[in-house]
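None of the figures in this text is laboratory data; all of them are computed from the coordinates on show. Small disclaimer: the values here were computed from a predicted structure and weren't measured. Methodologically, a virtual Cβ is constructed for each residue, glycine included, from the backbone with ideal geometry; neighbour enumeration extends over all protein chains shown.
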Amino acid sequence: MTTTPTALPRQHARPATFLRQYFYLCMSLLIAVVAVYGFSHTIGQNLLHASPIPPFILTIHAFVFPGWVLFFILQSALVRSRNVRLHRTLGWFGVALAVGVLVIGYLTAIGMDRFFMQRLHDAEIPAFLIIQLMDLSCFAIPFALAIYWRRRPEFHRRLMLIASSGLTDAAWARFPLIPLAYSPAGVDLLLFLGIVRGAIDIAPHNRYLGRQFTP
């Protein structure tokens, strides 16, 4: 009678497995936390109890942009639960929602800049418009590529993370003790977490290739 040895699971493989399975869901939740915490410091003064009352487009903006974050969480959860068919079906709703994010974002930027100039007499606000348009571009370009590569999951999910992370710039700018000029560093932090996850994910393949080609 022979006994076949059984390989014990490697302890260091467990964190990598967790990252592979839950990373994008966790990142979607982290983006939601960043958005809620950041805007919680200004939503009362700038929207709920604002004086003078801002344009109505800001209220629409306040529903559409969080709606995208919730959609990103939902889509990540569907993939994690292996409900890929529903994920792909809802993806077309996501395309419409993303277009709404871009249109509402642009109209909000123009409307609020006009409001600050005409009602609050802020002559410096037009220079801020380029930052707002750059934020929208940082969402639009990765999202368009994610749709183009929707049948390549690793490309698609990474690009969706990049697009959603780009929308957090305004939330980071509202964090206490963080200067406005350093708010993009918060977005970079989210992207860096994605890089770390990718490095951990490919490390076993690199070790395998090293053993195969080492003389």
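Here the extension length gained between Ser40 and Leu102 equals 20.1 nm, from 0.36 nm per residue of separation less the Cα-Cα distance. Counting trypsin sites (Lys or Arg not before Pro) as exposed when in a DSSP loop with at most 12 other beta carbons within 10 Å, what is the longest stretch of the chain free of them? Within the chain, the longest run free of exposed trypsin sites (Lys or Arg not before Pro) spans 11-81.
Mean projected area of the convex hull spanned by the Cα atoms of the chain, taken over all viewing directions: 17.5 nm².
Computed from backbone phi, the HN-Hα couplings of segment 69-85 come to 4, 5, 5, 5, 4, 4, 5, 5, 5, 5, 5, 5, 8, 6, 9, 5, 4 Hz, rounded to whole numbers (Karplus: 6.51 cos²θ - 1.76 cosθ + 1.60, θ = phi - 60°; Gly and Pro given as x).
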